[in-house]
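*Asks:* I have a structure I would like to understand better, so I am pasting it below and will then ask my questions one at a time.
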Amino acid sequence: MSTKLANPAPLGLMGFGMTTILLNIHNAGFFPVDSMILAMGIFYGGLSQVLVGMMCFKRGDTFGTTAFTSYGLFWLTLVGLIVMPYMGLPASPAHFMGWYLALWGIFTGFMFIGSLCYPVAKQVVFGSLTVLFFLLAARDFTGSQFIGTIAGIEGIFCGASAIYFAMAQVLNNEYGRTILPIGEKKPAVEMPLEQVAA
């Protein structure tokens, strides 16, 4: 007996989107990193996305498995980088953090290319996330607070785009029609051979 599996993507997108907004409100300079951001990074941004990645694996979704598992582990490693210095381990220098963020930017750039096969809303999430990682890397390489503020503002947009995409999938599925447009790609229509030859 086959069991219909739910679409796990909205859960992962919400975990990513909400945690990204909260961290980037900090990056924009509105408040310092505190236990709330760290808790979101561990549980909603981290563990929930890893769980969603495993659910995508069950559905045979290579893109979703790669994206959600990777970004879930990103949040867990980021929390570790923040917390471990308080446990007596040496903190990572700013320029090395720049390389860490740049590598995530390169990975996300490839994921953005992959997202071009999907709805526009998904492309916006991965495109804006690519920009965010490189802005954060530039901040750490240069020490520029201004670049950090710009990254924070851009990151808030990135997180909001993920929340929009998540809620669009939920609402459109529940109502059986388009409530929130996501720019779905229409399948290409093949022309009859005689029309092509004409």
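*Asks:* Return yes when residue 64 is under 26 Å from residue 139 (Cα atoms), of a type in the set (Gly, Ala, Ser), in a helix (DSSP H, G or I) and modelled with pLDDT of 95 or more and no when it is not. Explain how you work it out, then say what you get.
*Replies:* Working: under 26 Å from residue 139 (Cα atoms): no; of a type in the set (Gly, Ala, Ser): yes; in a helix (DSSP H, G or I): yes; modelled with pLDDT of 95 or more: yes.
It is false that residue 64 is under 26 Å from residue 139 (Cα atoms), of a type in the set (Gly, Ala, Ser), in a helix (DSSP H, G or I) and modelled with pLDDT of 95 or more.
*Asks:* Sticking with this one: Considering only the range 101-157, how many residues are among the polar types (S, T, N, Q) and under 21 Å from residue 28 (Cα atoms)?
*Replies:* Initially, the range 101-157 is screened for residues among the polar types (S, T, N, Q), giving 108, 115, 123, 128, 130, 142, 144-145, 149.
Okay, now just the ones that are also under 21 Å from residue 28 (Cα atoms), so 128, 130, 142, 144-145, 149.
Qualifying residue count, the range 101-157: 6.
*Asks:* Are there any helices (runs of 4 or more DSSP H) wholly within the range 101-198 with 3 or more residues that are at pLDDT 95 or above, and if so which?
*Replies:* The qualifying helices (runs of 4 or more DSSP H) are 120-142, 145-175.
The values are calculated or read from the model by the stated rules, or taken from the named source; none is laboratory data. Everything numeric here is computed off the predicted structure, so don't read it as measured data.
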